[in-house]
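The values are calculated or read from the model by the stated rules, or taken from the named source; none is laboratory data. Here the structure is a predicted model, which is why all the values come from computation and not from measurement. So basically every Cβ, Gly included, is an ideal-geometry build from the backbone, and we count neighbours across all protein chains shown.
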Amino acid sequence: MSLTDFVANPEVREKIDDNFPNEGQRASNPLKTECQTDNYSTIGTAFDYLLRFWLRREVPEVYTKDWVANAGLSAATLIPEADIHEYEQVVKTAEKRVDEFLERGELTNSLIESAIDLARIDVIYRAKILPDNLGKYEQDDIDDLRMLITLAADSGVFSGEEAYLNPIFGFSSRLVGGADCDVILDGTLIDIKATKHETFKVSYWRQLVGYLVLADIHQSLHDQGVYEELSESAEDEFRELQEIEEFGVYYARHGEFSSVSSNAVYNSEEYTLFKKWFVRTALDMNAVPDKPRTTIREEIL
């Protein structure tokens, strides 16, 4: 289970809808760039990678974590027919190209190609499917990704001083079997969608409400000193995050961010009871490891 699965559960879905009706607004900008191929999922993930590379260069203070592609390498070792050497070379090449980008600031076709290949290797981890098209690219996809980055840069949405890239929420993420959002930038949680549709779907809203609850639990555990004795190797997972003041969806093909104040959730009369219900329900539904389960019960319930 993941946060996506958890908030899609009928009981959870209904509870969120009853307590926190969707306040998200659809994109008002016209569509500025359409998908050029039918490689929708790959391009969406590749854009996530490219945006993270770009933010590392543009934002003064950036906290990041290991690429999902590296988890894909680990997953590939369990598949007999996997060409581990090829996948490792793809990741090493991507690391080299990212270093060159951070030094020079030139968004080369090669870097975009690496982002596409990293997205393909991600699938090994997410779906246990081996890629058969590494090193093969369509120029339309490269052009599409370059335009998406240009729109992000021109939007002003990603200007800031401190960014957390794909942050996770310590013990609280284990409540739902794993959760990481796209970006937290200067107190704004940003979920990135590379869809052509401008609708702020209720499924987006539920996911975002889930992130806010997990972030709040994570901060509470930090305040109570729960993570102080954990090893430095776990720093990325248990790092303290910014207080979230706004949250919303960045429509990558519209170059627009639709945001909502976190007060819509945190200042609601129903929030305290909902958070406890959220925790109890997640503990009942998910096989949470003993230490996080005990800690969360003691500190949150």
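Values as computed for the structure displayed
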{"item": "Matching entry among 33, 108, 93 (being over 30 Å from residue 214 (Cβ atoms) and touching a residue at least 40 places away in the same chain (Cβ under 8 Å))", "result": "33"}
{"item": "Residue within segment 131-143 that is touching a helix residue (DSSP H, G or I) at 6+ places or on another chain (Cβ under 7 Å), under 21 Å from residue 254 (Cα atoms), crowded, with 17+ Cβ neighbours inside 10 Å and hydrophobic (A, V, I, L, M, F, W, C) present", "result": "yes"}
{"item": "Members of segment 196-231 found to be farther than 21 Å from residue 16 by Cβ and either in contact with a Lys or Arg (Cβ under 7 Å, 6 or more places away or on another chain) or touching a residue at least 12 places away in the same chain (Cβ under 8 Å) (or both), listed by number", "result": "196, 198, 221, 222, 224, 226, 227"}
{"item": "Looking only at segment 205-244, and only at residues there that are assigned to a helix (DSSP H, G or I) and over 22 Å from residue 276 (Cα atoms), the one that is modelled with the highest pLDDT", "result": "237"}
{"item": "Within segment 203-231, tally of residues that are within 18 Å of the chain's Cα centre (by Cα) and surrounded by fewer than 15 Cβ atoms within 10 Å (Cβ to Cβ)", "result": "1"}
{"item": "Counted residues, segment 168-201 - those being modelled with pLDDT of 95 or more and within 9 Å of the chain's Cα centre (by Cα)", "result": "6"}
{"item": "Test: residue in segment 252-265 that is assigned to a helix (DSSP H, G or I) and either in contact (Cβ under 8 Å) with a residue 24 or more places away in the chain or within 23 Å of residue 66 (Cα to Cα) (or both)", "result": "yes"}
{"item": "Odd one out for residue 23 among (1) in contact with a Gly (Cβ under 8 Å, 6 or more places away or on another chain); (2) surrounded by fewer than 17 Cβ atoms within 10 Å (Cβ to Cβ); (3) not in a helix (DSSP H, G or I)", "result": "(1)"}
{"item": "Meets criteria (farther than 19 Å from residue 37 by Cβ, of a type in the set (Ser, Thr, Tyr) and at pLDDT below 95) for residue 155", "result": "no"}
{"item": "Residue list for segment 66-108, filter: of a type in the set (Ser, Thr, Tyr) and either at pLDDT below 95 or under 21 Å from residue 136 (Cα atoms) (or both)", "result": "87, 93, 108"}
{"item": "Search result, residues across segment 23-60 that are farther than 21 Å from residue 157 by Cα and over 20 Å from the mean Cα position of the chain (by Cα)", "result": "35, 36, 37, 38"}
{"item": "Segment 1-52, residues that are over 29 Å from residue 173 (Cβ atoms) and either in contact with a His (Cβ under 8 Å, 6 or more places away or on another chain) or among the small types (Gly, Ala, Ser) (or both)", "result": "28, 29, 30, 31, 32"}
{"item": "Long-range neighbours under 8 Å by Cβ, at least six apart or interchain, first residue in contact (Cβ under 8 Å) with a residue 12 or more places away in the chain within segment 1-21, second charged (D, E, K, R) and in a helix (DSSP H, G or I)", "result": "7/13; 7/206; 8/206; 12/206; 13/206; 16/206; 17/206"}
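Residues are listed down the side, and each one gets a yes or a no for (1) more than 12 Å from residue 53 (Cβ to Cβ); (2) surrounded by 13 or more Cβ atoms within 10 Å (Cβ to Cβ); (3) not charged (D, E, K, R):
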{"residue": "94", "(1), (2), (3)": "no, yes, yes"}
{"residue": "99", "(1), (2), (3)": "no, no, no"}
{"residue": "113", "(1), (2), (3)": "yes, yes, no"}
{"residue": "122", "(1), (2), (3)": "yes, yes, no"}
